[in-house]
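Trainee: Below is one structure. I have some questions about it.
The values are calculated or read from the model by the stated rules, or taken from the named source; none is laboratory data. On a predicted model such as this, the values are computed, not experimentally measured, just so you know. Heads up, the Cβs are rebuilt from the backbone with ideal geometry, glycines too, and the neighbour counts pull from every protein chain shown. Areas reflect the complete protein model, heavy atoms only, side chains present, ligands, DNA and RNA absent. Shrake-Rupley method; radii C 1.70, N 1.55, O 1.52, S 1.80 Å.
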Amino acid sequence: MKHNFGAGPCILPQEVFKEAAAAVLDFNGLSILEVSHRSADFVKVMEEARENVKKALNVPEGYTVLFLQGGASLGFLIAAYNFAGKHKRAAYINTGTWATNAVKEGANAGLEAIEIASSKDKGFNYIPDFNEIPDDIDFLHYTSNNTIAGTQFKTIPKTDVPLICDMSSDIFSQPIDVSKFDLIYAGAQKNLGPAGATLYIVKDSALGKSTLHIPSYLDLAVHAKKDSMFNTPPVFSVFVSNLNLKYMLKNGGVEEIANKNQAKADLLYNEIDNNPNFEGTTEVKDRSLMNVTFRLTDESKKERFDKLWNDGNIIGLKGHRSVGGYRASMYNALELNSVQALVKIMKSL
Ligand SMILES: *Cc1c(COP(=O)(O)O)cnc(C)c1O
């Protein structure tokens, strides 16, 4: 098997792949790919998946979990539409490419989208301070993990206005205090399941309060009222996400995953910091545990290093074109032995 350090879609546990493959052939006498989303069997899967998200993240009472489509890219717009309030003004912390897109979609929803902090000046290689949060805004939006730049918030921004977070690339990687958020959303394909589903965790008291007229599909209240079955949901993606959630819960939950992720990150960052051939590309205090970005200190070694990791069965290590260098994405299902394989190759350069 290959060591998949790709940034997404992500690796999932082998056990989940096997169960998913079996269900393609036989899910109670039908293929999971042909089963009606209104059948009792699938409704049960959807309900279980929503419950398992609550279990895994310890979601308090008063929140609704939804599995929709459109990816986090539609989430940017859904967030803005649903949380538009009397100010028609929203604050964003801009920490990267995806955060920039969120700002853009906020404006597309008709809001005045203001960046109260940004790390664009240094190519998004750090998390900016966000002390000054105005109060004449409808919500504050941030991106907990910046998949491309390789930075991650270590604390939740403090604010009195509704807090919204795009957690696409670090949800389920560690415990989170959901009660601090009014909306969390995440594309499934980074840490939860296959592409196709987008997870929303929304505070019930916020539903139906928007000051904008919201097209039906973009209205979270519409989906909540229909138990995440307003239209045909991404059946296979929800099914596999649920398999992965069950796997997670059976294996110690997000607490155990967080320990594993810390061990993987420590191992790789330690090599980057101690091997003179490499250097990290982000500020040390803001380093992501999920997406590790680094580069060679001597570009003339590129060809040799690229051959070494390609021959070593490693894939997905090439950095995003906007950053260059290398990016090792280490989502939950990537095992420590894959990181050990990469570190061994780095040592041999
Ligand atoms: C991948 C990613 C996105 C985009 O997700 P899509 O599901 O492809 O729309 C948005 N935000 C973050 C943080 C991501 O990592």
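Trainee: Give me the one-decimal nm value for the distance between modelled label points at Asp204 and Glu112, 7 Å along each residue's Cα-to-Cβ direction.
Mentor: 3.5
Trainee: Measuring from centroid to centroid over Cα atoms, what is the spacing of the range 169-208 and the range 76-140 in Å?
Mentor: Using only Cα atoms to place each centre, the spacing works out to 18 Å.
Trainee: Could I ask something else about it? Mind checking the range 215-263 for chymotrypsin sites (Phe, Trp or Tyr not before Pro) that DSSP puts in a loop (not H, G, I, E or B) and that have at most 16 other Cβ atoms within 10 Å?
Mentor: Phe230
Trainee: For the chain, what's the relative contact order in percent, using C-alpha pairs closer than 8 Å and at least 6 residues apart?
Mentor: In percent, rounded to a whole number, it is 24.
Trainee: Same structure again: How are the Cα pair distances of the chain distributed, in percent, across 20 Å bins from 0?
Mentor: Bins of 20 Å from zero give 31, 56, 13, 0 percent of pairs.
Trainee: For a 28 Å ceiling on Cα separation, which of these pairs sit above it: Lys122/Lys154; Lys260/Lys302; Lys120/Lys209; Lys54/Lys104; Lys104/Lys180; Lys190/Lys344?
Mentor: In this structure, Lys260/Lys302; Lys120/Lys209; Lys54/Lys104 lie more than 28 Å apart at Cα.
Trainee: A follow-up question, please. Quote to one decimal, in nm, the extra length available between Gln14 and Lys225 on full extension: 0.36 nm per residue of separation minus the C-alpha distance between them.
Mentor: 72.4 nm
Trainee: On a full-extension model of 0.36 nm per residue, what is the gain between Arg321 and Asn58, subtracting their alpha-carbon distance, rounded to one decimal in nm?
Mentor: The span from Arg321 to Asn58 would gain 91.0 nm if fully extended.
Trainee: Heavy-atom accessible area of Met167 with all protein chains present, probe 1.4 Å, nearest 10 Å²?
Mentor: Estimated to the nearest 10 Å², Met167 gives 10 Å².
Trainee: Continuing with the same structure: In debye, nearest 20, what is the charge dipole magnitude of the chain about its Cα centre with +1 on Lys and Arg Cβ and -1 on Asp and Glu Cβ, if you could check?
Mentor: In debye, rounded to 20, the chain gives about 540.
Trainee: First select every other residue whose beta carbon is under 15 angstrom from the beta carbon of Val59; then total the charges, Lys and Arg +1, Asp and Glu -1.
Mentor: -2
Trainee: Quick one: length gained pulling Ser300 to Ser36 fully straight, 0.36 nm per residue minus the C-alpha distance?
Mentor: Here the segment from Ser300 to Ser36 would lengthen by 89.4 nm.
Trainee: Right, next: Who wins for biggest fluctuation among Ser39, Ser241, Ser31 in a Gaussian network model of the chain, springs between alpha carbons below 10 Å?
Mentor: Ser39
Trainee: For the pair Glu335 and Glu255, how long in nm is the line joining their label points, each one 7 Å along Cα→Cβ?
Mentor: With each label point 7 Å from Cα toward Cβ, the separation is 2.5 nm.
Trainee: Mind giving me the FRET efficiency for Lys180 and Asp136? R0 is 22 Å, r the Cβ-Cβ distance, nearest 0.05 is fine.
Mentor: That gives a FRET efficiency of 0.55.
Trainee: Report the trypsin sites (Lys or Arg not before Pro) located in the range 121-177 that are in a DSSP loop and have at most 16 other Cβ atoms inside 10 Å of their Cβ, or state none.
Mentor: The qualifying sites are Lys154, Lys158.
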